[in-house]
Amino acid sequence: MASSVNRRTFLKRTATLGTMALTGGLLTRSASAASAAPRRGANEEIRVAVVGIRGQGRAHIRSHARAETVRVAALCDIDERLYANGIQNAAEHDPNAPAPRTVYDVRRLLDADDIDCLSIVSPNHWHALSAIWACQAGKDVFVEKPCSHNIFEGRKLVEAAAKYNRVVQHGTQNRSQPTVMEAMKLLQDGVIGEVYMARALCFKRRDSIGIEQDGPVPEGVHYDLWLGPAPQRPFNPNRFHYDWHWHWDYGNGDIGNQGVHQMDIAQWGLGKDFVLPVKTSSMGGRFTYEDQGITPNTQIATFQYDDGKMLVFEVRGRATHDEWGVGVGNLFYGSKGYMAIRGRSYETVVDGEPGPSSTGNQPHTIFTNFHDVVRSRKVEDLESPILEGHNSSALCHLANLAYRLDRTLRFDPTAERFVNDNEANTMLTRDYRAPYVVPAQV
């Protein structure tokens, strides 16, 4: 694994070079964006708009509102029925702040002078597009996982962050968990010897969502805007709040939902933060019930890198048992032993004997890290930068493409294209519904 010093050097270099990307080094909007975002003073207020205020959006409101000299200035959601609770949530955690204003269209935030950052918690199919728009508008971004709906989108977001010199943090918060950092350092230092394989586990029960009929759009819901880049379809509650995860038009199944966290740790522990695999296979199904969900509730994916190292991911959405005490977490295998990570704890077995372990209970600091970097403009200090977020998300997309195509896929990680497979290459992106189009040139 690359050391933290090398990682920071790499991020600093790519951030600097990104200002000249696709421009031949000419002075462009990306250069002017840097001067438009000076280092902030410690007491200067950061004004955040939270985009998507249901579910994890509530955690974003809480985390920003609680922070010193950070204010939730706006709430954005296509479902106006959520506004009252969102405003109340902000008030509970920052009672002295003025109530945030509410908008249903993220585009109304882009030119707003009183918004510095977008904190994006919308459905997956909106993540990259709204984040790219924010970068182009000179806003910094905290974008939830996965940062993209497909591999093309993730790469475009990486390019946009570099071109416009924006701070873009990815919502894989385990990178800000002290015990996970400690575990990764131990792997780097060889605690279990040479790490040759990582397993990522997502054993999380998901029951049937049943069958619902198409029907009228609920009052207060801006459904066409919710669809955004996705194909036009009638409204159905099983394709709306949360259950959109189980439909390819909007979500990426549980491997791209809960699983992207464990995928991120797996690639981190293997030392593959900036490298994608050359071979991917996956199989599975939606077992034990029939409903309107499409993505698999049971899935196994295997990846192999150009040096032979392997990553294995398993989704079990039905009744199951943990493995070595790990149900949602990671296992690493080395020449001298293994490491198990679950939540905020880890343990090792080295040469057949118990090795280093920790059951730390420190809080996540990913939002603090984001706020600090927004102030300092030192993107190399981001603990979950968008390039690593893109790689973690891309692994999930690779697994799903191999599953949907029912064959092993060979991949060129430099070009981010499949090798001699036109059908798979067409699925690197999607047909976007105008005007919600992720541009080829950001």
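Scanning segment 166-187 for any residue that is touching a residue at least 24 places away in the same chain (Cβ under 8 Å), among the hydroxyl-bearing types (Ser, Thr, Tyr), crowded, with 23+ Cβ neighbours inside 10 Å and not in a helix (DSSP H, G or I) turns up at least one such residue. When you look at Val217, is it surrounded by fewer than 22 Cβ atoms within 10 Å (Cβ to Cβ) and touching a strand residue (DSSP E or B) at 6+ places or on another chain (Cβ under 6 Å), yes or no? When the stated conditions are applied, Val217 does not pass them.
A quick yes/no check of all residues on (1) more than 22 Å from Gln169 (Cβ to Cβ); (2) touching a residue at least 12 places away in the same chain (Cβ under 8 Å); (3) charged (D, E, K, R):
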| site | (1), (2), (3) |
| --- | --- |
| Ala49 | no, yes, no |
| Glu80 | yes, yes, yes |
| His93 | no, yes, no |
| Thr102 | yes, yes, no |
| Leu110 | no, yes, no |
| Asp113 | yes, no, yes |
| Leu118 | no, yes, no |
| His127 | no, yes, no |
| Lys139 | no, yes, yes |
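Is it the case, given these coordinates, that Thr295 is crowded, with 23+ Cβ neighbours inside 10 Å and of a type in the set (S, T, N, Q)? Judged against the criteria, Thr295 is a match.
For segment 414-442, a tally of residues being within 24 Å of Thr172 (Cβ to Cβ), touching a residue at least 12 places away in the same chain (Cβ under 8 Å) and not basic (Lys, Arg) returns 6.
Among residues of segment 386-413 that are without any contact (Cβ under 8 Å) to a residue 60 or more places away in the chain and surrounded by fewer than 22 Cβ atoms within 10 Å (Cβ to Cβ), those with a beta-carbon under 8 Å from a residue that is assigned to a helix (DSSP H, G or I) and among the aliphatic types (A, V, I, L, M) at least six positions away or on a different chain give the pairs Leu405/Ala424.
Being charged (D, E, K, R) and touching a strand residue (DSSP E or B) at 6+ places or on another chain (Cβ under 6 Å): is that true of Arg342 here? Yes: the conditions hold for Arg342. Among the residues of segment 25-62, those identified as outside any loop (DSSP other than H, G, I, E, B) and at pLDDT below 95 are Arg29, Ser30, Ala31, Ser32, Ala33, Ala34, Ser35. Applying the set (1) touching a Ser or Thr at 6+ places or on another chain (Cβ under 9 Å); (2) farther than 23 Å from Val143 by Cβ; (3) crowded, with 17+ Cβ neighbours inside 10 Å; (4) not aromatic (Phe, Trp, Tyr) to Glu290 leaves exactly one unmet item: (3). In segment 95-137, of all residues being among the acidic types (Asp, Glu) and in contact with a strand residue (DSSP E or B) (Cβ under 7 Å, 6 or more places away or on another chain), the one that is surrounded by the fewest Cβ atoms within 10 Å (Cβ to Cβ) corresponds to Asp114. Does Gln262 count as in contact with a Cys (Cβ under 8 Å, 6 or more places away or on another chain), within 30 Å of Asn330 (Cα to Cα) and buried (at least 20 other Cβ atoms within 10 Å of the Cβ)? Spelling it out, Gln262 is indeed in contact with a Cys (Cβ under 8 Å, 6 or more places away or on another chain), within 30 Å of Asn330 (Cα to Cα) and buried (at least 20 other Cβ atoms within 10 Å of the Cβ).
If you go through segment 58-73 and keep only what is surrounded by 23 or more Cβ atoms within 10 Å (Cβ to Cβ) and touching a strand residue (DSSP E or B) at 6+ places or on another chain (Cβ under 7 Å), you end up with His60, Ile61, His64, Val70, Val72, Ala73. Every listed requirement among (1) without any contact (Cβ under 8 Å) to a residue 60 or more places away in the chain; (2) hydroxyl-bearing (Ser, Thr, Tyr); (3) more than 19 Å from Gly253 (Cβ to Cβ) is met by Thr302 save one, (3). Consider segment 426-442 and keep the residues that are surrounded by fewer than 16 Cβ atoms within 10 Å (Cβ to Cβ) and not small (Gly, Ala, Ser). The one that is nearest to Leu401 (Cα to Cα) is Thr426.
Within segment 158-204, count every residue that is more than 20 Å from Leu331 (Cα to Cα) and out of contact with any Asp or Glu (no Cβ under 9 Å at 6 or more places or on another chain). Of the residues in that region, 8 qualify.
Residues checked against (1) at pLDDT 95 or above; (2) over 17 Å from Asn150 (Cβ atoms); (3) assigned to a strand (DSSP E or B):
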residue	(1), (2), (3)
Ile255	yes, no, no
Gln267	yes, yes, no
Leu276	yes, no, no
Ser281	yes, yes, yes
Pro296	yes, yes, no
Gly308	yes, yes, no
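Restricting attention to segment 220-253, the residues that are part of a loop (DSSP other than H, G, I, E, B) and free of Cβ contacts under 8 Å to residues at least 12 places away in the same chain add up to 0. Of note, Lys145 satisfies the criterion of being in contact (Cβ under 8 Å) with a residue 60 or more places away in the chain, among the basic types (Lys, Arg) and under 23 Å from Ile46 (Cβ atoms). Taken together, the criteria exclude Ala340 from residues that are surrounded by 16 or more Cβ atoms within 10 Å (Cβ to Cβ) and under 30 Å from Phe418 (Cα atoms).
Selection over segment 405-417 of residues that are among the hydrophobic types (A, V, I, L, M, F, W, C) and in a loop (DSSP other than H, G, I, E, B) gives a count of 1.
The values are calculated or read from the model by the stated rules, or taken from the named source; none is laboratory data. Predicted model, so just to flag it, every value in this text is computed and none were measured. Every residue, glycine as well, gets a Cβ built from its backbone with ideal geometry; the counts of neighbours run over all protein chains shown.
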